[in-house]
Each structure stands twice: as structure tokens, then as C-alpha cells.
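Here's the structure, in C-alpha cells; my notes come after.
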Amino acid sequence: MAKRILIVGCGSIGERHLRCLARGELAHLTVCDPNARLRKRIARDYSVPVFAGMKEALASGPFDGAIICTPANSHVSIALTLLPHNIALLIEKPLSTSLAQLDELKAETLRTGRFVGVAYVYHFVPAVQAAREFLRAGSYGKPLHVSVVSGQNFPKFRPAYRDIYYSQHDTGGGAIQDALTHLANTVEWLIGPTDRLFCEAAHQALEGVNVEDTVSVTAKNGRTLVSYSLNQFQSPNETTIQVHCERGSVRIAPHEQRWAFFPFGAEQWDDRILPVAQRDDLFTAQATAFLSGLEGKPNPICTLDEAIQTLRFNLAALQSARTGRAVRLADLSFE
Ligand SMILES: NC(=O)c1ccc[n+]([C@@H]2O[C@H](COP(=O)([O-])OP(=O)(O)OC[C@H]3O[C@@H](n4cnc5c(N)ncnc54)[C@H](O)[C@@H]3O)[C@@H](O)[C@H]2O)c1
């Protein structure tokens with residue numbers, strides 16, 4: 001039987017989830033968002049029930065699952081409102097903007113036994129999945145050095161960036177919490193968690209905001225050295241992750257929908273192209289995985305523990321940029 005899914009917050013990413021689920025007729029959908037103009041348009045375009053608040057939406061339930069698509073500072077409190085209704089959750093990234101109430105969230109997840117995952121969508125990029133499988137098979141040995149280089153002209157993709165969560169750290173804004181977090185999570189998914197990092201971050205170019213749009217991080221994940229270089233103003237929309245191991249290298253270029261491997265002694269990269277027809281396909285795959293998660297089936301969605309680890313990365317990077325000091329993630333305290 002089709003599952004009943006509530007989408008909480010129907011701005012940019014909420015509408016994408018709605019569109020992907022509606023197109024595949026994957027579930028019965030309900031939406032809630034306090035923005036009246038938006039509600040009117042969503043009700044017209046998608047013919048789904050739309051409510052102003054969660055309370056009214058919940059009263060129209062029951063729901064099997066919910067996708068939380070509000071600004072990051074509200075994710076945990078919304079999750080803690082939904083879980084007691086036995087609703088499984090897919091929470092947009094980043095999980096939060098602080099470590100507050102995470103113990104409660106973990107305890108409530110355990111108590112209800114509901115599936116809770118976080119929507120780090122790189123887990124659904126076929127090139128990332130294939131490279132991860134290859135690395136985990138272990139023929140190249142241990143990863144020793146990872147370099148991540150990434151950038152895009154953010155205003156081109158999000159013209160309203162000044163007016164949304166992006167403009168403030170408190171609501172999940174800035175390059176670290178908005179963009180770098182995807183890559184930190186991907187690297188952790190590929191090679192394991194970050195232990196410590198040093199971060200330089202600056203506002204270099206984007207007009208109308210003061211948050212950082214440019215970041216350099218040097219990190220250590222176990223014995224692997226990792227470097228990240230990212231900005232949100234360059235014209236090329238490109239991301240490259242290189243993982244250099246004991247016996248060879250792996251390269252992932254999601255913008256080219258390819259990954260490649262290069263064993264020691266070879267002369268060139270051996271490329272594999274894994275086409276994704278449109279960006280929505282990644283979100284459809286994630287939504288399908290969420291529906292599997294609801295039924296207790298295995299799926300590659302970022303787990304709550306993995307997302308808490310990446311949240312620690314975000315907070316450590318912000319703290320390091322602020323203080324000019326390296327930060328051990330284990331030393332982060334509740335802020
Ligand atoms: N995975 C991705 O690729 C991706 C892309 C964009 C955004 N995001 C993440 O998704 C989240 C939302 O981003 P966005 O770009 O959609 O922001 P947005 O500003 O476009 O939309 C947020 C919506 O949430 C609504 N809202 C706020 N408080 C609410 C509440 N208590 N209940 C119901 N609705 C509420 C707002 O009215 C707004 O319509 C952020 O955490 C962001 O980092 C992820």
C-alpha cells in the first residue's frame with residue numbers, strides 16, 4: 001500500500017522532494033508550510049493537501065514518514081515533534097546548526113524504532129557509489145591522501161541566496177554548512193570520520209551577505225590526510241574528489257558523471273561514465289530509498305550517526321575559522 005508522507009517546508013528543496021515523489025506516484029503526499037503564497041501555488045500545481053502548520057497537518061494523518069525541508073536550525077525540534085507520532089524521518093542536510101538536543105533525538109529514534117536518515121544526496125550519485133564500492137573492496141589498500149576541489153557560481157543556482165537561510169550561520173548559512181558539508185559527508189562516507197581539522201574561511205565575493213563563500217580546510221580522518229578547497233563564486237560548476245591509496249588512486253568527478261581509477265604503474269586514468277539524466281533522478285533515488293528504509297530494508301541514506309559526525313565537522317570548521325586554531329572534533333562541546 002502506498003505510504004503517506006508529509007513534507008514539512010515546501011521551499012526550494014521541499015518542492016523538489018514533492019515533485020520527485022509526485023512524479024513517480026511513490027506515495028500519498030501532504031505538505032505544510034507557513035508561507036501562504038507558496039501554499040496557494042503548491043496546492044494548485046500538485047493537487048495535494050497543504051496546511052499552514054504541522055499541528056493541522058498531523059491532525060489530517062496518520063503519516064508513515066515525513067521529509068523535513070525547513071532551515072537547519074529547526075530540523076531537530078521538528079524531528080522531536082514528529083517522532084512521538086511514530087513517523088519515520090528523512091531530514092534535509094545539515095542535521096542542525098548546533099549539538100543541542102541530539103542525545104534526545106537519538107534516544108527518541110531508538111525508543112520509537114522509526115527509520116531516521118539525513119538527505120546527503122551525494123550518497124545517490126552513481127559515480128560516488130561506484131567509487132566507494134571500489135575503495136571498500138580494498139584492492140588499492142588504505143587511503144593515504146584525499147584532495148577535494150569544488151566550486152560553483154551559487155547565485156546562478158540560487159538567485160534568492162540573500163533572502164534565505166544561506167545569509168546567516170544561525171540558520172545553516174555560509175559555504176561551510178551549506179556546500180562544504182556535502183563534501184565532508186561524502187569523504188567520511190568514503191574513508192571514515194574526520195578526527196581534527198584546521199579551517200580558513202572568508203567572505204570573498206558574494207554580494208549582499210557577510211557569511212563565508214570561500215573555504216580551505218586541512219583535516220585528518222584516521223591516518224588519512226584530507227584537503228578541501230571550495231568557493232561559491234567561480235563560474236565553473238565543478239567538483240573533484242581524488243583518493244590516493246597505497247596501491248593506486250581513485251578520482252570522482254560528479255559534474256562529469258564519472259569516476260576513474262589509476263593503479264600504480266599505469267599510464268593514465270581508466271574512466272567510467274555513469275550517466276544521470278537529470279538532477280531530480282538523484283532525489284527520486286533517495287526518496288525510493290527512504291520508502292525502503294520505512295519498511296526496514298537496507299538503503300544507502302546517510303544515517304543519523306553519520307550526520308551527527310558531519311555536523312561536528314561543520315561546527316569544528318566554523319570554530320577553527322573563528323579562532324584561527326585547529327579543532328579536534330571530539331573536543332567540541334555543546335554550544
Ligand atoms: N540536499 C540538497 O541538495 C539541498 C539543496 C537545497 C537546500 N537543502 C537544505 O534544505 C533545507 C531547506 O532549504 P531550502 O533551500 O528549501 O530553503 P527555502 O528557504 O527555500 O525553504 C524553506 C521553507 O521552509 C518553510 N518553513 C520554515 N519554518 C517552517 C516550519 N516550522 N514548518 C513548516 N515549514 C517551515 C519556509 O516557509 C520555506 O518555504 C536547508 O537545510 C538546506 O540546507 C538541501
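Select from segment 136-150 the residues that are crowded, with 20+ Cβ neighbours inside 10 Å and away from the ligand (no atom under 16 Å from the Cβ) and list them in ascending order.
Residues of segment 136-150 that are crowded, with 20+ Cβ neighbours inside 10 Å, as a first pass: 140, 143, 146, 148, 150.
Of everything in segment 136-150, those that are crowded, with 20+ Cβ neighbours inside 10 Å and away from the ligand (no atom under 16 Å from the Cβ) turn out to be Tyr140, Pro143, Val146, Val148.
Find all pairs meeting these conditions: Cβ atoms under 6 angstrom apart; at least six residues apart or on different chains; first residue within segment 117-129 and without any contact (Cβ under 8 Å) to a residue 40 or more places away in the chain; second residue among the polar types (S, T, N, Q) and more than 12 Å from the ligand (Cβ to nearest atom).
Hits for this filter: zero, empty list.
Name the residues in segment 266-285 that are over 20 Å from Leu183 (Cβ atoms) and either modelled with pLDDT of 95 or more or within 16 Å of the ligand (Cβ to nearest atom) (or both), would you? Can you show your working first?
From segment 266-285, those over 20 Å from Leu183 (Cβ atoms) are 266-273, 275, 277-278, 280-281, 284; that's our starting set.
The answer is Ala266, Glu267, Gln268, Trp269, Asp270, Asp271, Arg272, Ile273, Gln278, Asp280, Asp281, Thr284.
Filter segment 172-196 for residues that are under 11 Å from Gln309 (Cα atoms) and either touching a helix residue (DSSP H, G or I) at 6+ places or on another chain (Cβ under 8 Å) or outside the structural domain of Ser147 (by TED's automatic domain parsing) (or both) and give the result.
The initial filter retains those residues of segment 172-196 that are under 11 Å from Gln309 (Cα atoms), namely 181, 184-185, 188-189, 192-195.
The answer is Thr181, Ala184, Asn185, Glu188, Trp189, Pro193, Thr194, Asp195.
Please enumerate the residues belonging to segment 44-68 that are away from the ligand (no atom under 14 Å from the Cβ) and of a type in the set (Val, Ile, Thr).
Selection gives Val48 alone.
Quick check: anything in segment 17-26 within 14 Å of the ligand (Cβ to nearest atom) and in contact with a strand residue (DSSP E or B) (Cβ under 8 Å, 6 or more places away or on another chain)? Spell out the reasoning first.
At the first step, the residues of segment 17-26 found to be within 14 Å of the ligand (Cβ to nearest atom) are 17-20.
With in contact with a strand residue (DSSP E or B) (Cβ under 8 Å, 6 or more places away or on another chain) added as a condition, the list becomes 17-18.
Looking for residues that are within 14 Å of the ligand (Cβ to nearest atom) and in contact with a strand residue (DSSP E or B) (Cβ under 8 Å, 6 or more places away or on another chain), one finds at least one in segment 17-26, hence yes.
The values are calculated or read from the model by the stated rules, or taken from the named source; none is laboratory data. This is a predicted model, so every value here is computed, not measured. All Cβ positions, even for glycine, are placed from backbone atoms using ideal geometry, and neighbour counts span all protein chains on display.
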